[in-house]
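Q: Structure below; questions to follow.
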Amino acid sequence: MVPPSFQKTLFQLENKLRQMQTLERTVLQAAALEDENVAYCTASQLADACEQAVLLARALPACTGRPHVFFELEQQIDCQTPVEIGFTWEGWFSLRMPMLLPKKERGSAAFVRMLLLPALRRFFQGKPPVRISPCVLVFRHVYARDRPDRALRDHDNIETNMAADCVALYVMEDDNPAACSQYECTAKGDRERTEIYVVPQTEFPQWLLSEKSMPEEGVELLRNRP
């Protein structure tokens, strides 16, 4: 028997899909009329709705209560949205997500946790714990080069807390202000992604200098800390 939570989630997903169809039609109409402002605003709403729909769709199998469902979901997410994790040659921890972080209060922050925690657990399995403290937690938001500057998000509108909590579990002594500072910057590249670094505070000036010459595909990541 299908539990009530499955039916409820399915109903929410159906509503979200209808909303996406309405937004898509509006985007197409705005594009046909060459109304850039409406096209951009509606496309942004469509992107948020798509993120929320993905989260609801991923929750559906879990609502059945079947055994091993979370393990299967982790494998599916890992195949579709691979996360690169490792250490730079300088010994800084880093991970790369092939997506931008969601907006605060509108995106699918829970999806970030579903993506990062299994990837971090697999990477650190059998490895000695790493605790970088005091440190600077860096978020480098990389946008597609053809995205207009006005479409870049303000840093205070980006949801970073979920990702910070996941990284802190494996790499940081603590994420309170006494042990960790946070820095965000924006860059442009061939594809959109989010890069996270954990750098000792004394080495942060060195990271700032290196950021200006980081390669298009991202810095090389090592399996073990040098």
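The values are calculated or read from the model by the stated rules, or taken from the named source; none is laboratory data. Remember, it's a predicted structure, so these values are computed and weren't measured experimentally. Cβ coordinates were reconstructed from backbone atoms using ideal geometry, including for glycine residues, and neighbour counts include every protein chain displayed.
Q: How many residues, within region 166-195, are touching a residue at least 40 places away in the same chain (Cβ under 8 Å) and either among the charged types (D, E, K, R) or part of a loop (DSSP other than H, G, I, E, B) (or both)?
A: Total satisfying the criteria: 11.
Q: Name the one entry in L95, L137, L117 that is surrounded by 13 or more Cβ atoms within 10 Å (Cβ to Cβ), at pLDDT below 90 and of a type in the set (A, V, I, L, M, F, W, C). Step through it out loud before you land on a result.
A: Working: L95 fails: at pLDDT below 90; L137 fails: at pLDDT below 90.
On inspection, the qualifying residue turns out to be L117.
Q: Further question on the same structure: Being within 18 Å of the chain's Cα centre (by Cα) and either surrounded by 20 or more Cβ atoms within 10 Å (Cβ to Cβ) or farther than 26 Å from S210 by Cβ (or both) narrows it down to one residue among Y170, Y183; which is it? Before you say what the answer is, go through the steps one by one.
A: Values: Y183 fails: either surrounded by 20 or more Cβ atoms within 10 Å (Cβ to Cβ) or farther than 26 Å from S210 by Cβ (or both).
Residue meeting the stated conditions: Y170.
Q: A follow-up question, please. Counting just the residues of region 31-54 that are of a type in the set (A, V, I, L, M, F, W, C) and closer than 25 Å to E14 by Cβ, which one comes out surrounded by the fewest Cβ atoms within 10 Å (Cβ to Cβ)? Quick ask: steps written out before the conclusion?
A: If we filter region 31-54 for residues that are of a type in the set (A, V, I, L, M, F, W, C), which is where we start, we get 31-33, 38-39, 41, 43, 46-47, 49-50, 53-54.
Keeping just the survivors that are closer than 25 Å to E14 by Cβ gives 41, 43, 46-47, 49-50, 53-54.
Working: C41: 14, A43: 17, L46: 18, A47: 17, A49: 20, C50: 16, A53: 19, V54: 16.
The selected residue is C41.
Q: Can you tell me which residue within region 186-201, out of those that are of a type in the set (V, I, T) and within 14 Å of the chain's Cα centre (by Cα), is farthest from E90 (Cα to Cα)?
A: Looking only at region 186-201, we keep the residues that are of a type in the set (V, I, T), and these are 186, 194, 196, 198-199.
Okay, now just the ones that are also within 14 Å of the chain's Cα centre (by Cα), so 194, 196.
Working: T194: 20, I196: 15 Å.
Ranking the qualifying residues of region 186-201, first place goes to T194.
Q: Considering only region 152-165, state which residues are assigned to a helix (DSSP H, G or I), out of contact with any Lys or Arg (no Cβ under 7 Å at 6 or more places or on another chain) and of a type in the set (S, T, N, Q). Walk me through how you get there before you give the answer.
A: The first filter runs over region 152-165 and keeps only residues assigned to a helix (DSSP H, G or I), leaving 155-157, 161-165.
Subset that is out of contact with any Lys or Arg (no Cβ under 7 Å at 6 or more places or on another chain): 155-156, 161, 163-165.
The answer is N161, and nothing else.
Q: Tell me whether region 72-83 contains one or more residues that are at pLDDT 85 or above, outside any helix (DSSP H, G or I) and within 20 Å of the chain's Cα centre (by Cα). Let's see the steps before the verdict.
A: Taking region 72-83 first, the residues at pLDDT 85 or above are 83.
Okay, now just the ones that are also outside any helix (DSSP H, G or I), so 83.
Now narrow it down to the ones that are within 20 Å of the chain's Cα centre (by Cα): 83.
So far as region 72-83 goes, yes, one or more of its residues are at pLDDT 85 or above, outside any helix (DSSP H, G or I) and within 20 Å of the chain's Cα centre (by Cα).
Q: Taking region 146-156 as the region of interest, how many residues are modelled with pLDDT of 85 or more and either surrounded by 12 or more Cβ atoms within 10 Å (Cβ to Cβ) or not assigned by TED's automatic domain parsing to the domain that holds E84 (or both)? Outline the logic, then answer.
A: Step one: filter region 146-156 for residues modelled with pLDDT of 85 or more, giving 154-156.
This time we only want the ones that are either surrounded by 12 or more Cβ atoms within 10 Å (Cβ to Cβ) or not assigned by TED's automatic domain parsing to the domain that holds E84 (or both), so: 155.
Residues flagged as modelled with pLDDT of 85 or more and either surrounded by 12 or more Cβ atoms within 10 Å (Cβ to Cβ) or not assigned by TED's automatic domain parsing to the domain that holds E84 (or both) within region 146-156 amount to 1.
Q: Evaluate the following for F204: is it more than 19 Å from the chain's Cα centre (by Cα), surrounded by 13 or more Cβ atoms within 10 Å (Cβ to Cβ) and either at negative phi or modelled with pLDDT of 90 or more (or both)? Explain how you work it out, then say what you get.
A: Working: more than 19 Å from the chain's Cα centre (by Cα): yes; surrounded by 13 or more Cβ atoms within 10 Å (Cβ to Cβ): yes; either at negative phi or modelled with pLDDT of 90 or more (or both): yes.
Against the criterion (more than 19 Å from the chain's Cα centre (by Cα), surrounded by 13 or more Cβ atoms within 10 Å (Cβ to Cβ) and either at negative phi or modelled with pLDDT of 90 or more (or both)), F204 qualifies.
Q: Also, I was wondering about something else. As an exercise: evaluate R223 against (1) surrounded by 14 or more Cβ atoms within 10 Å (Cβ to Cβ); (2) in contact (Cβ under 8 Å) with a residue 60 or more places away in the chain; (3) in contact with a helix residue (DSSP H, G or I) (Cβ under 9 Å, 6 or more places away or on another chain) and give the number of the one condition it does not meet.
A: With (1) surrounded by 14 or more Cβ atoms within 10 Å (Cβ to Cβ); (2) in contact (Cβ under 8 Å) with a residue 60 or more places away in the chain; (3) in contact with a helix residue (DSSP H, G or I) (Cβ under 9 Å, 6 or more places away or on another chain) applied to R223, the lone miss is (1).
Q: Return yes when V130 is closer than 22 Å to E211 by Cβ, surrounded by fewer than 17 Cβ atoms within 10 Å (Cβ to Cβ) and either among the β-branched types (V, I, T) or assigned by TED's automatic domain parsing to the domain that holds C41 (or both) and no when it is not. Break it down into steps so the answer makes sense when it comes.
A: On the way: closer than 22 Å to E211 by Cβ: yes; surrounded by fewer than 17 Cβ atoms within 10 Å (Cβ to Cβ): yes; either among the β-branched types (V, I, T) or assigned by TED's automatic domain parsing to the domain that holds C41 (or both): yes.
Answer is yes for this residue.
Q: Restricting to region 1-19, and then to whatever is aliphatic (A, V, I, L, M) and closer than 13 Å to C50 by Cα, can you tell me which residue is modelled with the highest pLDDT? Before you say what the answer is, go through the steps one by one.
A: First, the residues of region 1-19 that are aliphatic (A, V, I, L, M): 1-2, 10, 13, 17.
This time we only want the ones that are closer than 13 Å to C50 by Cα, so: 13, 17.
Working: L13: 88, L17: 93.
Looking at the filtered set, the residue picked out is L17.
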